[in-house]
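Report on one structure; see the data block that follows.
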Amino acid sequence: MGKQAVVALNEETTKLRLITPAIMEQAGWGQGQIFMEHTFTDGRVIVRGETVKRGARKMADYLLVHHEAQQPLAVVEAKDERHSVGDGMQQAIEYAVALDVPFAYSSNGHGFLEHDFFTGTERMLAMHEFPTNDELWQRYIAGKGLSPEQQETITEPYYFDPFSGKAPRYYQRVAIDRTVESISKGESRALLVMATGTGKTYTAFQIIWRLMKGAGQFKRVLYLADRNILIDQTMQQDFKPFEKVMTKVRSQELDSSYEIYMSLYHQLVGDEGTEPFRDFKPEFFDLIIVDECHRGSAKANSRWRRVLDYFTGAVHIGMTATPKENQDISNSSYFGDPIYTYSLKQGIDDGFLAPYKVFRVGLDKDLEGWRPERGQTDIDGNEIEDREYNSLDFDKTLVIDERTQRVAERVTAWLNHHGRLSKTIIFCVDIEHAERMRQAMVNANRDLTAQNPRYVMRITGDNQEGKNQLDNFIDVNESYPTVVTTSKLMTTGVDTKTVQLIVLDANINSMTEFKQIIGRGTRLYPDAGKMYFTVMDFRGVSRLFADPAFDGDPIVVYEEDDETPPEANRRGSSSNEAQDSLDDSRDKRTKVFVNGVEVTILNERVQYYDQDGRLTVESIVDYSRRNILGEFATLEHFISAWRDAEKKQAIISALEEQGVLLDALRDDAGKASAELDPFDLILHIAYDQKPVTKRERIDRVKKQGYLYKYSDVCRAVLEGLLDKYMNEGITDLKDTRILGNAPFDRLGSPARIARMFGGKQEYLEAVRELERAIYGLAA
């Protein structure tokens, strides 16, 4: 008898029989120290047309943590026996870098390859040589150079809410851990850069919690922001566990009996000649956190900077979401280089932030310019200056009524198509423009404004009625206001989870402002069906998406040129309200108003966020073809992969990861595509093959006559599978569970049906042969 062939273990069996026992039984990693199949992202949201799907989550085969500190120490990536020991190392290193862990391992069940980030070296280990929890912890302590006192600080656990179960996401944990470690080593300043919607205040809360609960060095904390809504949201949401020891500074009255002080800058600075913060001793605060620190709070000659300079003995942490515009001054900022950066692109790639679709709408007067006819007068009868006006003039110096109406009509058309109650923000040139846009949107939606006059509202710094509705606009359970027009007030600090449309009808040249505006839409809210948002651009502002600075390094904290004027401080205004006030004063300058001018839409184009973080203007078909060919360069390559794939869904899923959504292609192609299965749709789109319908493939199989080599019962099973293919496609024919459903269940149990073919393996081979026959592929 010949020697029996040895069958290589697949990856799951390799982990079960070889790798897991080596880590748990031999190295002694126990429950709470080892997390298998640890997913740490949500999977990128992929949007094509109206189709939305999630990409695959990133998952480490094993995440190993210290048994007391719960500090992640290592990731282990497993491969099956057919791979070498180190074949999983590059993926292990990628995950280790993301998770900020110092050790990465790869294994095929016959050894471990270790990568040590402290030394930059790799070494081979036998299966019984995998390090214990204590061994890795001691190497971690030595590599970080931590003293016993510092260890006490960094091992302080996170706050955990047993009711919500909320815990830090992986990037929040990295930001928290790095900050706490830096402060434990004596650093007095730190900068965190985290994109809007990624949980900066929750991260700040966990930093404060761990520092205050740790070695006892931090007893009082000052949290600074420049807008009331930022303070109120923070206190009501992320900082709620501090409610018994937390106070909001009001009317410059300071009470020294609290531990956490929440304050607007100006409430501590006061009016001219008064500095209420001096009521506290310079050593009163141990920690100061500056939210949105890019807005000038640490500028050397800023009035707000006096607060930081007075409490100079405290640790100062700055937080911002804003990219840097000036490369030459990045290293001289107040807080220094960022200790951690989590960008908008990374947040979208990980599936924690919403991607965006961009509608670029070209109005004829914007693209071609407008020149008055000889002697043409404005609405007051004054002759209009004879020159060519363009988009830089419109609504700033020249107002064309019909242009405002055309914008309102296009926005309303979008709402009619995507949902009349879709939360929408329209950014305008100034307050006067925002009011006219409000009126135009009211008239374009008179049916809904008749039902509820709050359907459209203006929210600007000068209008208290509008500002009073800001909380309702933010509220995910409140429908009204639905559409708001604004100037500067809503560019920052508004937690708008459900905003689905952002309209740009202002000339925005500042990357800082543009990034802040886009940040209003980046929060995901699946419960309300929000998986992405749309930017409708009437002014060509979306060109800034292509600027490398859009998702670049952080802006320095003293980049802003304009400080809130004293009179705005006395009113309790934010910097954005102050800017609105400045805009209001500009509004009072003479604008030329003209009507009777025909304005039309010349062109529109739709751009999608692709997997590289860029906007693509390709059609769904062209985009899909390019990405299919990127995965399978030739027709032969694709057919070979399809033939050899044990599960066809794996190929479809791999293409979805590249943004190829077959459902979106079907929507684009029309009814005829419904008769094609994924194989033929891909052949037609990417390789220009004549499409063959599922019915035609079934007819070919039956004409071949090969089904007649089976018994009547087996032939009935295979014909039933052909019917399944016709109705549901090819993806699940090998799943024996379908044999428990009609029409197969009348033939007996799945096990009995398999025995009719000679056993389970024989049944599966018959199904493989059926698949090959369906596609006309050789074995």
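The values are calculated or read from the model by the stated rules, or taken from the named source; none is laboratory data. Everything numeric in this text was worked out from a predicted model, so none of it was measured. FYI the Cβ positions are ideal-geometry reconstructions off the backbone, even for glycines, and counts take in every protein chain you see.
Assorted remarks:
- Taken together, Asp100, Asp134, Asp116 contain a single residue that is among the acidic types (Asp, Glu) and in contact with a helix residue (DSSP H, G or I) (Cβ under 6 Å, 6 or more places away or on another chain), which is Asp100.
- Filtered residues of segment 485-510 (kept if over 19 Å from the mean Cα position of the chain (by Cα) and not polar (S, T, N, Q)): Lys488, Leu489, Met490, Val503, Leu504, Asp505, Ala506, Ile508
- Boolean, Arg173 is modelled with pLDDT of 95 or more and in a helix (DSSP H, G or I): yes
- Filter pass, Tyr558 being outside the structural domain of Ala321 (by TED's automatic domain parsing), modelled with pLDDT of 90 or more, out of contact with any Asp or Glu (no Cβ under 9 Å at 6 or more places or on another chain) and hydroxyl-bearing (Ser, Thr, Tyr): no
- Those helices (runs of 4 or more DSSP H) lying entirely in segment 326-428 with at least 3 residues aliphatic (A, V, I, L, M): 401-418
- Screening the candidates Thr41, Thr14 for the property of being in contact (Cβ under 8 Å) with a residue 12 or more places away in the chain and either closer than 22 Å to His115 by Cα or surrounded by fewer than 16 Cβ atoms within 10 Å (Cβ to Cβ) (or both) yields one hit, Thr14.
- Residues in segment 189-223 that are within 22 Å of Asp255 (Cα to Cα) and touching a Leu at 6+ places or on another chain (Cβ under 6 Å): Phe218, Val221.
- The condition (being within 21 Å of Glu135 (Cα to Cα), at pLDDT 90 or above, surrounded by fewer than 16 Cβ atoms within 10 Å (Cβ to Cβ) and over 29 Å from the mean Cα position of the chain (by Cα)) is satisfied by just one residue among Glu25, Glu68: Glu25.
- Counting only residues that are surrounded by 19 or more Cβ atoms within 10 Å (Cβ to Cβ) and either of a type in the set (Ser, Thr, Tyr) or without any contact (Cβ under 8 Å) to a residue 60 or more places away in the chain (or both), segment 217-235 holds 4 of them.
- Pair list, Cβ < 6 Å and 6+ apart or interchain, from segment 275-296 residues that are assigned to a strand (DSSP E or B) to residues that are at pLDDT below 85: Val290/Ser297
- Taken together, Asp462, Asp551, Asp505, Asp547 contain a single residue that is touching a Cys at 6+ places or on another chain (Cβ under 8 Å) and either modelled with pLDDT under 85 or closer than 30 Å to Asp366 by Cα (or both), which is Asp505.
- Taking the criterion of being of a type in the set (D, E, K, R) and part of a loop (DSSP other than H, G, I, E, B), the only residue of segment 735-755 that qualifies is Asp735.
- Asp393 buried (at least 16 other Cβ atoms within 10 Å of the Cβ), without any contact (Cβ under 8 Å) to a residue 12 or more places away in the chain and either closer than 29 Å to Thr460 by Cα or not assigned by TED's automatic domain parsing to the domain that holds Val47 (or both): yes
- Residues of segment 425-484 that turn out to be of a type in the set (Phe, Trp, Tyr) and under 17 Å from Ala408 (Cβ atoms), as a count: 2
- Exclusive hit being surrounded by fewer than 24 Cβ atoms within 10 Å (Cβ to Cβ), at pLDDT 95 or above, within 20 Å of Asp475 (Cβ to Cβ) and under 27 Å from the mean Cα position of the chain (by Cα), set Leu448, Leu415: Leu415
- Search result, residues across segment 406-424 that are touching a helix residue (DSSP H, G or I) at 6+ places or on another chain (Cβ under 8 Å) and in contact (Cβ under 8 Å) with a residue 60 or more places away in the chain: Val407, Val411, Arg420, Ser422, Lys423, Thr424
- Members of segment 650-665 found to be polar (S, T, N, Q) and either part of a helix (DSSP H, G or I) or at positive phi (or both), listed by number: Ser653
- Verdict on Ala434 being under 21 Å from Arg520 (Cβ atoms) and either surrounded by fewer than 18 Cβ atoms within 10 Å (Cβ to Cβ) or assigned by TED's automatic domain parsing to the domain that holds Gln516 (or both): yes
- Checking Ala300 against (1) modelled with pLDDT of 90 or more; (2) part of a loop (DSSP other than H, G, I, E, B); (3) surrounded by fewer than 22 Cβ atoms within 10 Å (Cβ to Cβ), the condition it does not meet: (1)
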